[in-house]
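Participant: Can you read through this structure? Questions will come right after.
Values quoted throughout were computed directly from the atomic coordinates according to the rules given, and no laboratory measurement underlies them. All of these numbers come straight from a predicted model, not from anything done at the bench. A quick note on method: Cβ atoms are made from the backbone with ideal geometry, for glycine too, and the neighbour counts reach across all protein chains shown.
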Ligand SMILES: C[S@@+](CC[C@H](N)C(=O)[O-])C[C@H]1O[C@@H](n2cnc3c(N)ncnc32)[C@H](O)[C@@H]1O
C-alpha cells in the first residue's frame, strides 16, 4: 500500500538522514514548521499541565481549603515537596491559580485553555510525542527527582535520547543549517553537545577533506555516534567526551554549531567564549534552541517546568542575553536570525 504524505516535512523524514538535499523552499517551510511546532507544543503543554494538576489533586484541595502555598502538600502528602512547590509557582505564573490578599491560593475560574487542530502541513508530530514522554514522567517526580523511571539522563538514557535526536524537528534543523551554511567538502566544524545523530549528518556534508570535532558530556551518546561515523573515519573525526566548559580547543573552525545544548550549559559566558575563540575570523557560530526567551510568544514557564525533570537543564536564554554577553567580552560580530530559535553569529 502506498501512503501519500501531503506535507513536505514527512517526506524529508522518510528519506535517508544525510543524503537528502534541501531546496530553498524546503528550508523556508522547515523554519516556519519548526516555529509553528513549538507554538503548538506550548499550548499542548498547558493542557497537559492543567490536567496533571487535577489528576494530582492539587486544584481540588485549593478549591476546598484555600491553603497557603506551603500548606498544599501537607494536605496531599507527596514525597517530593520541591516538585509540588514548583508546580504551584508555575501554575501561579500561568494564571491558573492566584494568591488572594491574605496569601491564600484560589482557583482562577476565568482561565481558558483552548485545544485546536494543528495546521497539519506545518506540524512535526514526533517532537510533540517527545514532550509527551516528558510530561508523563512528572508523576515520578512527585516521588523524587532521582526516581529511576525519569528516563531523561543523557548518560544513562542515551538510547532514548538517540530516538529523540532523530525526530523530524531536529533533522530539519540540521538540514536548514547545512543549507544555510552551504556546507561543502573541506569545511571544518566544531559541534558542541553533538549527541549521537549530528556527527554523521555533518560529516557526510564535509568529508573526505573536512574536519569534524564533536564534544559531548555523554560517553554513551558518543559511543553511538562513533559506530555511525566509523565508515567515514579517515583520521579527521574527533569525538571528545567532556563537559564543554573544560574543553581546550586548539584548532580553528569555519563553523561552530551548538544546537539544543545551550540550555544545559552551566555557564553561558564560558560556552560563548570557547565557541567564539574556536572560530576563524569570518567564521560563523550557529546557536539553536526551541526558542529564545525574547522572540517567541509561548509559555516559557512550561518548557522550563518540564525540562527541570532533566538534571542537566539550567535555563533558556534570550537573544539579548547572548548578544550582550558577546559584546561585554569584546567580540566584534554580525548577527542574524533564521527563526524564533536559530541565531547566526559571524565573527568579524
Ligand atoms: C538535546 S541534545 C542535542 C544534541 C545535538 N546537538 C543535536 O542537535 O542533535 C543536548 C546534548 O548536549 C550534551 N551536553 C549537555 N551538557 C553538556 C556540556 N556541558 N558539555 C558538553 N555536552 C553537553 C548532551 O549530552 C546532549 O548530547
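Participant: Given R₀ = 56 Å, what would the calculated FRET efficiency be for residue 110 paired with residue 238, taking r from the Cβ atoms and rounding to 0.05?
Facilitator: With a Förster radius of 56 Å, E is 0.50.
Participant: Tally the DSSP beta bridges in the chain and give the antiparallel ones as a percent, rounded to 5. Spell out each step's value before the answer.
Facilitator: Details: 14 of 33 bridges.
Of those bridges, close to 40 percent are antiparallel.
Participant: What FRET efficiency comes out for the pair residue 281/residue 226, r = Cβ-Cβ distance, R0 = 30 Å, nearest 0.05?
Facilitator: My answer for the efficiency is 0.40.
Participant: Cβ neighbours within 10 Å, averaged per peptide: list 120-130, 136-146 in order, most packed at the top.
Facilitator: 120-130, 136-146
Participant: Calculated FRET efficiency, residue 145 and residue 68, Cβ-Cβ r, R0 35 Å, to nearest 0.05?
Facilitator: Approximately 0.90, to the nearest 0.05.
Participant: Among 29, 147, rank each residue by its count of other Cβ atoms within 10 Å, from fewest to most, as a rough exposure measure.
Facilitator: Exposure proxy ranking, most exposed first: 147, 29.
Participant: Shifting gears a bit: From the mean inverse distance of alpha carbon pairs (Kirkwood) and the Cα radius of gyration, derive Rg over Rh for the range 158-347.
Facilitator: My calculation of the ratio gives 0.93.
Participant: Percentage of Cα-Cα pair distances in the chain greater than 25 Å, rounded to whole percent?
Facilitator: On the way: 33933 of 60378 pairs.
In whole percent, the share of Cα-Cα pairs in the chain beyond 25 Å is 56.
Participant: Right, next: Which residue, 42, 236, 196, tops the fluctuation ranking in a GNM of the chain built on C-alpha contacts under 10 Å?
Facilitator: 236
Participant: I would also like to ask the following. Residues of the range 167-208 with the amide nitrogen closer than 17 Å to a label point 7 Å from the Cα of residue 246, along Cα-to-Cβ, please.
Facilitator: 193-194
Participant: In addition: Hey, what did the chain get for relative contact order, percent, Cα under 8 Å, at least 6 apart?
Facilitator: On the way: 545 pairs, mean separation 60.5, N = 348.
Result for the chain is 17 percent.
Participant: Report the label-to-label distance for residue 100 and residue 54 in nanometres (one decimal), using points 7 Å from each Cα along the Cα→Cβ vector.
Facilitator: Distance between the two pseudo-spin positions: 2.3 nm.
Participant: Sorted from fewest to most neighbouring beta carbons within 10 Å, what does the list 194, 173, 245 look like?
Facilitator: Exposure proxy ranking, most exposed first: 245, 173, 194.
Participant: Put a dot 7 Å past each Cα toward the Cβ at residue 325 and residue 346; how far apart are the dots in nm?
Facilitator: Those two pseudo-labels are separated by 2.3 nm.
Participant: How much length is gained on full extension from residue 219 to residue 269, taking 0.36 nm per residue of separation minus their Cα-Cα distance?
Facilitator: Gain in length upon complete extension: 15.6 nm.
Participant: Against the longest principal axis of the chain, how steep is helix 81-93, in degrees 0 to 90 to the nearest 10, with axes from Cα atoms?
Facilitator: Orientation of helix 81-93: about 90 degrees from the principal axis.
Participant: As a check on your grasp of the helix formula, calculate [θ] at 222 nm for the chain: sum -39500 (n - 2.57) over DSSP H runs of n ≥ 4, divide by the residue count, round to the nearest 500. Working shown, then result.
Facilitator: Details: 13 runs with 151 residues, N = 348.
It comes out at -13500 deg cm²/dmol, rounded to the nearest 500.
Participant: Additional query: With the alpha-carbon atoms as the only input, what is the per residue convex hull volume for the range 88-194 in Å³?
Facilitator: 195 Å³
Participant: Still on this structure, I have one more. Compute the length gained on full extension between residue 89 and residue 121: take 0.36 nm times their separation in residues and subtract their Cα-Cα distance, giving the result in nm to one decimal.
Facilitator: Length gained, residue 89 through residue 121: 8.0 nm.
Participant: Moving to a separate point now. Can you tell me which of 288-299, 67-78 comes out highest on packing, and rank the rest after it, using the mean Cβ neighbours within 10 Å?
Facilitator: Most protected by this proxy first, the peptides run 288-299, 67-78.
Participant: Also: I'd like the distance between the alpha-carbon centres of the range 171-191 and the range 126-141, rounded to an integer number of Å.
Facilitator: The range 171-191 and the range 126-141 have Cα centres separated by 30 Å.
Participant: Can you give the angle from 0 to 90° between the axis of helix 268-277 and the longest principal axis of the chain, with both taken from C-alpha atoms, to the nearest 10?
Facilitator: Helix 268-277 and the main axis of the chain meet at about 10 degrees.
Participant: Roughly what % antiparallel, to the nearest 5, for the DSSP beta bridges in the range 158-347?
Facilitator: 35 percent
Participant: Still on this structure, please answer the following. Which translational diffusion coefficient, to the nearest whole µm²/s, is obtained for the range 23-123 from the Stokes-Einstein equation, given a Kirkwood hydrodynamic radius over C-alpha pairs, 10 °C and 1.306 mPa s?
Facilitator: Estimated diffusion coefficient is 102 µm²/s.
Participant: Going by a ≥ b ≥ c, the root eigenvalues of the Cα gyration tensor, does the range 153-225 fall in the rounded group (a/c under 1.5), the prolate group (a/b larger than b/c) or the oblate group?
Facilitator: oblate
Participant: For the residues 230, 93, what sequence is obtained by ranking on other C-beta atoms within 10 Å, fewest first? Don't skip to the answer; put the middle values down first.
Facilitator: Working: 230 10, 93 14.
Starting with the residue having the fewest Cβ neighbours, the order is 230, 93.
Participant: Related question: Angle, helix 24-55 long axis vs. longest principal axis of the chain, Cα atoms, 0 to 90°, nearest 10?
Facilitator: 20 degrees
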